[in-house]
């Protein structure tokens with residue numbers, strides 16, 4: 001089991017950090033946005049000699065990094081509709097293979113699609129599932145911020161239970177979202193694709209860098225699910241983003257793992273598993289859970305996290 005706290009190769013790490021950004025500065029993403037850090041981290045794992053085609057479903061990322069004819073991406077970029085990111089990149093990857101076979105392209109291109117949880121868990125799920133099942137050689141990266149943040153913080157199927165959103169408001173008659181969040185990484189693994197990874201930003205960023213490189217350079221379809229906190233939607237100070245990510249991992253709300261050719265591998269196990277309230281309390285969307293009389297809701301949340309964590313340990317034989 002790889003532990004994110006173990007010593008790492010400093011020279012290798014610095015070499016990766018010295019790579020030029022493929023996402024230009026000056027975009028309009030919010031301060032402390034996890035989505036922008038996801039994109040920078042994933043694209044930085046590309047080998048410098050390789051070119052890329054970046055696809056992007058409609059969402060926060062698209063409206064903040066692209067305004068025709070201007071783009072923040074150093075590589076080729078395609079904005080597609082909310083629902084068809086998987087289908088769009090499937091077509092691009094297929095066309096590339098045809099042109100490569102005919103000798104009309106000599107360069108090596110990699111294909112990467114980004115989508116938020118609304119465009120991945122929900123609206124774009126059909127085209128994503130189809131692309132994975134057909135076996136197209138590209139990486140789909142979900143920057144999971146847990147709601148439809150671009151349009152006003154409406155709930156998605158990635159929104160955790162009890163979260164306060166504009167469509168699941170907490171109040172006298174409601175305790176927030178009723179349903180538990182969808183486990184999309186497990187659903188992607190059920191497609192029996194070569195690589196699935198779940199990660200976020202902790203420590204020295206080695207985990208997201210390593211998994212991104214694996215996803216990009218593993219032949220065939222790959223999927224990355226990246227917890228990408230949203231300060232506006234979650235209600236925390238932008239400077240606390242890394243703290244929020246670490247708490248998500250150390251409470252086991254957001255486990256970090258890989259599924260390589262069907263084998264489940266745990267990437268990180270906390271030395272001291274923290275109670276879930278440590279993750280919930282810093283976020284405004286969960287403040288109602290800490291009102292007198294709602295102790296049972298936190299206990300239920302803890303039971304859900306514990307059950308999911310124990311199930312993961314069984315899958316990983318940990």
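Some points to look at:
- Tally, over the stretch 186-214, of residues that are assigned to a loop (DSSP other than H, G, I, E, B), more than 18 Å from residue 241 (Cβ to Cβ) and touching a strand residue (DSSP E or B) at 6+ places or on another chain (Cβ under 7 Å): 2
- Any hit, the stretch 206-219, residues being in contact (Cβ under 8 Å) with a residue 12 or more places away in the chain, crowded, with 16+ Cβ neighbours inside 10 Å and over 30 Å from residue 133 (Cβ atoms): yes
- The stretch 161-193 - residue that is buried (at least 22 other Cβ atoms within 10 Å of the Cβ) and over 25 Å from residue 90 (Cα atoms) and, of those, nearest to the chain's Cα centre (by Cα): 163
- The stretch 257-274, residues that are loosely packed, with under 14 Cβ neighbours inside 10 Å and outside any strand (DSSP E or B): 261, 262, 271, 272, 273
- Here residue 238 fits the description: touching a helix residue (DSSP H, G or I) at 6+ places or on another chain (Cβ under 8 Å) and either surrounded by fewer than 22 Cβ atoms within 10 Å (Cβ to Cβ) or within 21 Å of residue 317 (Cβ to Cβ) (or both).
- The set of residues in the stretch 67-101 being assigned to a loop (DSSP other than H, G, I, E, B) and touching a helix residue (DSSP H, G or I) at 6+ places or on another chain (Cβ under 6 Å) consists of 72, 82, 84.
- Of everything in the stretch 290-318 that is in a helix (DSSP H, G or I) and touching a strand residue (DSSP E or B) at 6+ places or on another chain (Cβ under 8 Å), the residue that is farthest from residue 268 (Cα to Cα) is 297.
- Residue in the stretch 50-73 that is farthest from residue 114 (Cα to Cα), counting only those that are more than 16 Å from the chain's Cα centre (by Cα) and in contact (Cβ under 8 Å) with a residue 60 or more places away in the chain: 50
- Residue that is surrounded by the fewest Cβ atoms within 10 Å (Cβ to Cβ), among those in the stretch 121-143 that are within 15 Å of the chain's Cα centre (by Cα) and not in a helix (DSSP H, G or I): 139
- Set side by side, the residues 146, 118 differ, and just one is assigned to a helix (DSSP H, G or I) and surrounded by 14 or more Cβ atoms within 10 Å (Cβ to Cβ), which is 118.
- Count of the stretch 222-255 residues which are closer than 19 Å to residue 269 by Cα and assigned to a loop (DSSP other than H, G, I, E, B): 5
- Hits in the stretch 149-159 (condition: crowded, with 22+ Cβ neighbours inside 10 Å and within 15 Å of residue 184 (Cα to Cα)): 156, 158, 159
Read-outs throughout are calculated quantities, based only on the coordinates presented, and are distinct from any laboratory measurement. Keep in mind it's a predicted model, so treat the numbers as computed, not measured. Heads up, the Cβs are rebuilt from the backbone with ideal geometry, glycines too, and the neighbour counts pull from every protein chain shown.
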